[in-house]
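> Before anything else, here's the structure in question.
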Amino acid sequence: MSEATVDVADLRHHGADEGDAADAPLRDDIRLLGRVLGDVIGEQSGDDVLELVESTRVEAFRVRRSEVDRAELAGRLADLDIRSANHVIRAFSHFSLLANLAEDMHHERRRRFHRREGSPPQKGSLAATFALLDAERLDPDVVARELAGALVSPVVTAHPTEVRRKTVSRVQRQVTELIRRRDLSAPGAAEDAEWAAQLQRAVLTLWQTALLRLSRLRLADEIDEALRYYELSLFEVVPAINAELRRALQERWPHAGLLSRPVLLPGSWIGGDRDGNPFVTADAVRRASTRQAETALGHHLAELLVLHDELSMSDRLVTPTAALYHLAEASRDDSPFRADEPYRRALYGLHARLAATAQRVLGSVPGPPPHHELEPYDTPDELLADLATVDASLRSHGAGALADDRLARLRESVEVFGFHLCGLDMRQNSAVHEEVLAELLAWAGVCPDYTALDEQDRVALLVGELRLRRPLVRLDAELSETARGELDVLVAAAEQVRTLGPQAIPNYVISMCESVSDVLEVAVLLKEVGLLDPDGEDGPTCPVGISPLFETIEDLQRAGETMSAVLEEPLYRALLANRGDVQEVMLGYSDSNKDGGYLAANWALYRAEQALVDVARQEGIRLRLFHGRGGTVGRGGGPSYDAIRAQPPGAVAGALRITEQGEVIAAKYADPDLARRNLEAMVAATLEASLLDVEGLGDVAEDAYTLLDDLADRAQAAYRALVHETPGFVEWFRAATPIGELAELNIGSRPPSRKAGDSIADLRAIPWVFSWSQARIMLPGWYGTGTALDGWIEDGDPAERLARLQELHRRWPFFRTVLSNMGMVLAKTDLGLAARYAELVPDADLRSRVFDQVTAEHERTCRVLLAVTGDDHLLADNPSLARSIRNRFPYLEPLHHLQVEMLRRRRSGDDDELVRRNIQLTINGIATALRNSG
């Protein structure tokens, strides 16, 4: 295909001259990838298809420049036959995917440039954070206190918004590596015929690979999908960040006794989170924890063999320590070829002992078999002790540089990943605990109707049970399917704790936690399977922490009160004391938003954190918050660095955990450079939020809180008036978005609803926000905020009140972050496209009644947001996203029009399988282009 004719990615018509010279390589990459994609389309599908794609592209850009009416393009695409529509959908979906790669590579390229040029460290890097800490001249005692028990834990979940197949991701990495190789080569060296042919083959593979899965992901697939990120990036990056952090802190505060253990520790919910997921069974828990152990042990075993090859030093030339010789002799390696190579003999011994551990834990050995059968390691600390012996011996004869290389990385890896890889959290809904415990208590003759008891009597009964060693039921008791399933899951968890250690199952999260009894019910269930010992030497003990999850607006408002009541219970307080007085509390960003809207949810979370911090101080415990954030802003998404710094004072205190889910996982951890940047930002923000005054409100704090109380009330009222009080709203939502069709997309094992029902409350938060994103309304990320801000300004002196909001925006990270994230959502909103989706609502009166409210609120919100920020456009504070939108959104235009058309045909009774597949492909393509849609 000549450049003079068709160029799928030509940027000449949409602002190529708007970027500066620094973005020229990005534009070149987009042109190149678009040109190659166009060549492939022409070769594989013919000139007619290529001409259709190109003419559609030209018209889409004309629409974005307001040169033609959107209805013209929509009408043209509506007339396409089903197979031609399929070609267009596939072409524009693939471009969106390739544009993502070009943008990610450009970020990497710019970071290399800044490092090479010696630019000041970027915000969110550890270097920039330590510069801030150095300027504060912090007291070592304060640092030691705030970072005691420091923990930063990204927790991967299986919540389904990742639409890409593993196969597609693999081809994407091939394209990325080709561009990276070209960038790192001498000018022109990589752009030879073979390099171009390799790129052509990769894009051809992509074009001929189905974007959609034939069947829904199984839970086992989700477990494996998550584990691949360890090989892609986490094994390399996590130990490196921990090592760098330890060095930097010890250099600055050598006597503070900081970080005896790693700070950055990944976690997982996949296989342990059974809230609404019937596929999480006892076997799933065993598979998840076993596969995690297999991944960790396989990594350590492989590294030991590489070390064996590298550490070839001869004792004819160096003198190792006696302890090293002891390891060599204990290995039983009597090969004459290694008689003078004690390090190799020692490492064979370490490998054999770890292989024996794998055999005991897994029933098999990942990788090559050991040279000899030796005793297994009981704990990772035993392996670490042997590796420390190797380290000390190397340093004793001047080989410290070797000790600081692969051996140091392996030691850090064993410290971080142990034999279990990462902690697998358990989660279940409080209503299920109540149901199961009621059955167990009735079976045991303790209480015939637990559910009829009031809260005070429930607590008294549960406390009594927690003082007794005896279980409620026999192992062979005949129970309902629900009760037997829950007990079997907990039995499996107890097995994994005994096999892999307490780090394997560190926490039990209680969804929809509302009361003291909700917490104590879990404690009784843990006792039932032997995890909680009510009568240990120092009182009750349990290796699994109990983490209440507060989700709805009401529960968040009562979070402090609830936790205070829990901690007032002497038995639970004694249990917590034996866990180091650390209490984790999880905060939900999804249901609170669905319940009360964007601003009300965010403020309820802030207020809940303040209340929990106060309770922790009063009780003398250490609070650790676990943030259940999703990818989209409506579910707590947005840049992690800004989000962490926007927490209230005392809410971080050296430790936090954050969920990572859906397409965000690939966006953050698909390669080492991405993983390094995102994990470093998370750690950096945690340090700043723990050690610096990042709130910055000073003596105006209470006034600011009172103001946000008012704004949140106004925003919630506006949101609920639309979502919960407008007659027919649910009907409108189900007609104007692809929520029904989304359920058919094979992107996860979890059902889209917690239970059968047609209410918003029954719907899971993920399909709720995902559907709004597909229709480009993004309602959960902004609706109600405009009414709140505008109304508050107009209820007083407008100039004075606007100035007050502007000052808060300048001074307060929380308020600034909330508005910045909302600006991002509004920039991705397109009510012109949304109007096309609204046409799918058959009732004309309902259609206009709801959409007119949405349109008015959108206009109001954009106007007042710009007034408060003082900016002239929505993305003034996010130029990279502005560039991204400029580059990619014209290619979304055809996907939206064709999605609407396919939905219309499907709902009119067209049961052609290609119509259904086209709908799913448009969902895939739109989600790929928007990047944080779930």
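> Considering (1) within 13 Å of GLU103 (Cβ to Cβ); (2) at pLDDT below 85; (3) among the hydrophobic types (A, V, I, L, M, F, W, C), say which one ALA21 fails and leave the rest.
Here ALA21 meets the rest and fails (1).
> Then there's this: Where in region 833-934 are the helices (runs of 4 or more DSSP H), entirely inside, with at least 2 residues that are touching a Leu at 6+ places or on another chain (Cβ under 9 Å) and among the small types (Gly, Ala, Ser)?
Output list reads 913-930.
> Which condition number does GLY786 fail, the rest of (1) more than 23 Å from ILE739 (Cβ to Cβ); (2) part of a helix (DSSP H, G or I); (3) free of Cβ contacts under 8 Å to residues at least 24 places away in the same chain being met?
The single condition GLY786 does not satisfy is (3).
> Can you find a residue in region 83-97 that is in a loop (DSSP other than H, G, I, E, B) and assigned by TED's automatic domain parsing to the domain that holds ARG170?
no
> Suppose we filter region 329-375 for residues that are buried (at least 18 other Cβ atoms within 10 Å of the Cβ) and under 15 Å from LEU500 (Cα atoms); how many remain?
Matching residues across region 329-375 total 6.
> So, in region 472-484, how many residues would count as being buried (at least 18 other Cβ atoms within 10 Å of the Cβ) and part of a helix (DSSP H, G or I)?
Final tally of qualifying residues: 1.
> Is there a residue being hydrophobic (A, V, I, L, M, F, W, C), closer than 22 Å to GLN428 by Cα and not in a helix (DSSP H, G or I) anywhere in region 605-614?
No, that holds for no residue.
> Residues to consider are LEU132, LEU138; find the one that is at pLDDT 90 or above, in a helix (DSSP H, G or I) and surrounded by fewer than 21 Cβ atoms within 10 Å (Cβ to Cβ).
LEU132
> I need the full set of residues from region 904-918 which are surrounded by fewer than 24 Cβ atoms within 10 Å (Cβ to Cβ) and not acidic (Asp, Glu), in order please.
Within region 904-918, ARG904, ARG905, ARG906, ARG907, SER908, GLY909, LEU914, VAL915, ARG916, ARG917 qualify.
One line per residue, one yes/no per condition, for (1) crowded, with 18+ Cβ neighbours inside 10 Å; (2) of a type in the set (Ser, Thr, Tyr); (3) assigned to a loop (DSSP other than H, G, I, E, B):
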residue: LEU687; (1), (2), (3): yes, no, no
residue: ASP699; (1), (2), (3): no, no, no
residue: LEU708; (1), (2), (3): yes, no, no
residue: ASP713; (1), (2), (3): no, no, no
residue: TYR719; (1), (2), (3): yes, yes, no
residue: PRO727; (1), (2), (3): no, no, yes
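> Still on this structure, please answer the following. Given (1) of a type in the set (Asp, Glu); (2) under 30 Å from PRO154 (Cβ atoms); (3) in the same structural domain as ASP555 (by TED's automatic domain parsing), where does ASP425 come up short, assuming only one miss?
Going through the list (1) of a type in the set (Asp, Glu); (2) under 30 Å from PRO154 (Cβ atoms); (3) in the same structural domain as ASP555 (by TED's automatic domain parsing), ASP425 breaks only (3).
> ASN277 is checked against (1) in contact (Cβ under 8 Å) with a residue 24 or more places away in the chain; (2) closer than 27 Å to THR379 by Cα and fails just one. What number does that condition carry?
Every listed condition holds for ASN277 apart from (2).
> Another question, then. Which of (1) assigned by TED's automatic domain parsing to the domain that holds GLU43; (2) outside any helix (DSSP H, G or I) does LEU204 not meet, given it meets every other one?
(2)
> From GLY124, GLY118, grab the single residue that is over 25 Å from ASN887 (Cα atoms), of a type in the set (Gly, Ala, Ser) and free of Cβ contacts under 8 Å to residues at least 40 places away in the same chain.
After ruling out the rest, the residue left standing is GLY118.
> Also, I was wondering about something else. So which residues in region 272-319 are assigned to a loop (DSSP other than H, G, I, E, B), touching a strand residue (DSSP E or B) at 6+ places or on another chain (Cβ under 8 Å) and of a type in the set (Asp, Glu), if there are any at all?
ASP275
> Then there is this: Name the residues in region 235-258 that are surrounded by fewer than 18 Cβ atoms within 10 Å (Cβ to Cβ) and part of a loop (DSSP other than H, G, I, E, B), would you?
Within region 235-258, PRO254, HIS255, GLY257 meet the criteria.
> Taking region 394-437 on its own, how many of its residues are among the polar types (S, T, N, Q), in a helix (DSSP H, G or I) and within 30 Å of GLU514 (Cβ to Cβ)?
Applying the first criterion (among the polar types (S, T, N, Q)) to region 394-437 yields 396, 413, 428-430.
Subsequent filtering for residues that are in a helix (DSSP H, G or I) retains 396, 413, 430.
Next, from what is left, pick out any that are within 30 Å of GLU514 (Cβ to Cβ): 430.
Total meeting the criteria: 1.
The values are calculated or read from the model by the stated rules, or taken from the named source; none is laboratory data. The structure presented is a predicted model; accordingly, all values stated were derived computationally and were not measured. When we count neighbours, we look across all protein chains shown, and the Cβ atoms used for this are built from the backbone with ideal geometry, even at glycine.
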